Structure formats: structure tokens, C-alpha cells
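The values are calculated or read from the model by the stated rules, or taken from the named source; none is laboratory data. This one's a predicted model, so the numbers in the text were calculated from it and none came from an experiment. Don't worry about glycine lacking a Cβ; one is built from the backbone with ideal geometry, like all the others, and counts go over all protein chains shown.
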Amino acid sequence: MNVLIVYCHPEPGSFNAALKSVAQEELERQGHTVAVSDLYAEGFDPVEGPAHYSQRQRPDYFSALTEQRSASDQERLPSEVAREIARLERADLVILQFPLWWHAQPAMLKGWFDRVVVYGGLYTGRCRYDAGYFLGRRAICSVTTGAPASAFGPGGRGGNIERLMWPIHYSLYYMGFTVLPPFLSHGIQGGGLSYQAEAGFQAHLGRLKQDWTKRLAQLDCDEPLRFNGWADWNEDGSMCRQPH
Ligand SMILES: Cc1cc2nc3c(=O)[nH]c(=O)nc-3n(C[C@H](O)[C@H](O)[C@H](O)COP(=O)(O)O)c2cc1C
């Protein structure tokens, strides 16, 4: 299969970079083809706005949705957006590798969604959710956090991780992806910030790399996350059946 790793971290020596390399090596060892979108290294601009559209559909008023749809229809999307879409279209599996920053993905990755998932091209009113563009493809988030695992349960100090992950998971589902449970690496305080002794910390990182390798070898056994779909909604978007 073809795999795309969307990797979002500014530091090549980071643990996120290490997890990206672990995934690339393991998936290639399994015989898969792996492409990497290295958002920082490639200088991806995550800020959607008028500067990206030289030939505007509406020069008087900037509407991102109008300009995205028009540029997509006329095949004149910004080149880095077209490149990311081409990478996504080739991928059977998409891995998003990022650190938890302010209880969510870094702005760089949020902006990647804002710009790359273009209205008209990758979704429309009916082409969403379980009728989405990427139906049949899988996606998984691999996320590192500074706080320890114990802090991420319901009511925990770090925030309920299921709730923190919900917006990005729902965005992936909106695109049509089958979303696999995330791979979470907790307690990562790299760059000299570690709370524990260096040897223990390195052993912790080593175990997480092994766990990620094992998880990647068993992705076919993963039970996907469940979301409501079109059959669960009334015409006005309200729910007509019990939520998942
Ligand atoms: C801007 C910023 C915000 C952060 N917010 C959180 C947070 O909300 N929760 C958390 O557990 N860690 C948070 N952290 C810590 C990072 O998640 C942690 O440093 C990272 O996962 C470590 O991986 P790395 O060594 O690859 O950077 C934050 C770090 C930064 C720089």
C-alpha cells in the first residue's frame, strides 16, 4: 500500500522526528511505499488568505470557500496545496505525526487542513463523512504529549485525551477517512526538559518506539473509531438516532 506521513515538527532531532522515521522504516520493511510531507522543512504556509489567490473569483470580498472552489474547479490551486492533495490521493493510509501543543495539533498542521482540504475539490455538501472523498482509506494520528499518561483520563489535569483528539479525528472522518485509534506517546519532555533521570527517560522513549513499531505491524487488527453518519441525521443536521 501507499502511505503518507504528514509530519509536523520544527526540530529534526525531536522525538516526533524519531517516530516519523520509525514509521517510515517499519512500513518500508513491510513492503509499503512511504511518502513524507515534512511541513516545516518544506516551508508549508499554513495561513489561508487572499495572498494565495492571484486570480480571484471575488476580488471585492475574500471568501476562502469561494476561492478554494473556484481555484479547484479551474485547476489553479496554489502549487503546494496541489502537491499535498496529490500526495493524499496516492495514499491508502495517512499518518499524522505531531506533538500536542495547547491541547491540539500545532497551528502548522491546523493550517494544513485549512488550506489543503479544499472546498469543491475534497468535499462538498454531500461529499462528506461516510460519503467523503477519501472513503475506504485509513488515517491515524501519532501524538506526543508533555504530560504523563495518568493526566489524560476523564477529568484529568492534562484534559480528557479523547475529547482533545475529537476535533482532528472528526475532521479526518469528515474527509471520508476510516479513523484508527491514535498512537499516544505521553511524558515526552525532550530537549533537556525531562522530569526524570536521563537513563529512565531514554528507556521510556525506546519502549515507545518499539510500541509504535508493533502497532504499525498490526494496524489491520485495529477497530476504527465510530462516528455518526448520514443515516443518523435529519435534514437539518440534528440527530435522528442514538450517537456513537
Ligand atoms: C507551544 C507548546 C504547547 C504545548 N502544549 C502542551 C499541552 O497542551 N499538553 C501537553 O501535554 N504538552 C504540551 N506541550 C509539550 C509537548 O507536547 C511536548 O514538548 C512534545 O510532545 C515533546 O515531543 P518532542 O520532543 O518531539 O517535541 C506543549 C509544548 C509546546 C511547545
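What to note about this one:
- Every condition in (1) surrounded by 10 or more Cβ atoms within 10 Å (Cβ to Cβ); (2) at pLDDT 95 or above; (3) not aliphatic (A, V, I, L, M) is met by residue 221 except one, and the failing one is (1).
- Those residues of region 185-218 which are among the hydrophobic types (A, V, I, L, M, F, W, C), in a loop (DSSP other than H, G, I, E, B) and either within 22 Å of residue 141 (Cβ to Cβ) or at pLDDT 95 or above (or both), in sequence order: 188
- Count of residues meeting criterion [within 18 Å of the chain's Cα centre (by Cα) and not aliphatic (A, V, I, L, M)] in region 173-222: 13
- Pairs with Cβ under 9 Å, 6+ apart, first in region 214-232 and of a type in the set (Phe, Trp, Tyr), second in a loop (DSSP other than H, G, I, E, B) and crowded, with 16+ Cβ neighbours inside 10 Å: 230/128
Condition check ((1) part of a strand (DSSP E or B); (2) closer than 22 Å to residue 211 by Cα; (3) in contact (Cβ under 8 Å) with a residue 60 or more places away in the chain) across all residues:
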{"residue": "97", "(1), (2), (3)": "yes, yes, yes"}
{"residue": "115", "(1), (2), (3)": "no, no, yes"}
{"residue": "121", "(1), (2), (3)": "no, no, no"}
{"residue": "130", "(1), (2), (3)": "no, no, yes"}
{"residue": "143", "(1), (2), (3)": "yes, yes, no"}
{"residue": "147", "(1), (2), (3)": "no, yes, no"}
{"residue": "156", "(1), (2), (3)": "no, no, no"}
{"residue": "165", "(1), (2), (3)": "no, yes, no"}
{"residue": "171", "(1), (2), (3)": "no, no, no"}
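Matching residues to (1) away from the ligand (no atom under 16 Å from the Cβ); (2) within 26 Å of residue 12 (Cα to Cα); (3) touching a Gly at 6+ places or on another chain (Cβ under 6 Å):
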residue	(1), (2), (3)
57	yes, no, no
63	yes, no, no
81	yes, yes, no
86	yes, yes, no
89	yes, no, no
98	no, yes, no
103	no, yes, yes
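- Which listed residue is within 12 Å of the ligand (Cβ to nearest atom), of a type in the set (D, E, K, R) and more than 12 Å from the chain's Cα centre (by Cα), from 157, 126: 157
- Some residue of region 134-141 being within 16 Å of the ligand (Cβ to nearest atom), under 24 Å from residue 219 (Cβ atoms) and not aliphatic (A, V, I, L, M): yes
- When the residues of region 142-163 are filtered to those that are crowded, with 16+ Cβ neighbours inside 10 Å and in contact with a Pro (Cβ under 6 Å, 6 or more places away or on another chain), the one that is farthest from residue 220 (Cα to Cα) is 144.
- Of the residues making up region 24-51, those that are among the small types (Gly, Ala, Ser) and within 16 Å of the ligand (Cβ to nearest atom) number 1.
- Test for residue 141: is it of a type outside the set (S, T, N, Q) and within 22 Å of residue 205 (Cα to Cα): yes
- Failed item in (1) surrounded by 18 or more Cβ atoms within 10 Å (Cβ to Cβ); (2) within 20 Å of residue 19 (Cβ to Cβ), with residue 200 passing the rest: (1)
- Whichever residue in region 6-23 is more than 10 Å from the ligand (Cβ to nearest atom) and closer than 18 Å to residue 206 by Cβ and, among such residues, is surrounded by the fewest Cβ atoms within 10 Å (Cβ to Cβ): 21
To keep it simple, each residue is scored yes or no on (1) among the charged types (D, E, K, R); (2) on the phi < 0 side of the Ramachandran plot; (3) buried (at least 19 other Cβ atoms within 10 Å of the Cβ); (4) in a loop (DSSP other than H, G, I, E, B).
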| site | (1), (2), (3), (4) |
| --- | --- |
| 25 | yes, yes, no, no |
| 43 | no, no, no, yes |
| 60 | yes, yes, no, yes |
| 68 | no, yes, yes, no |
| 72 | no, yes, no, no |
| 84 | yes, yes, yes, no |
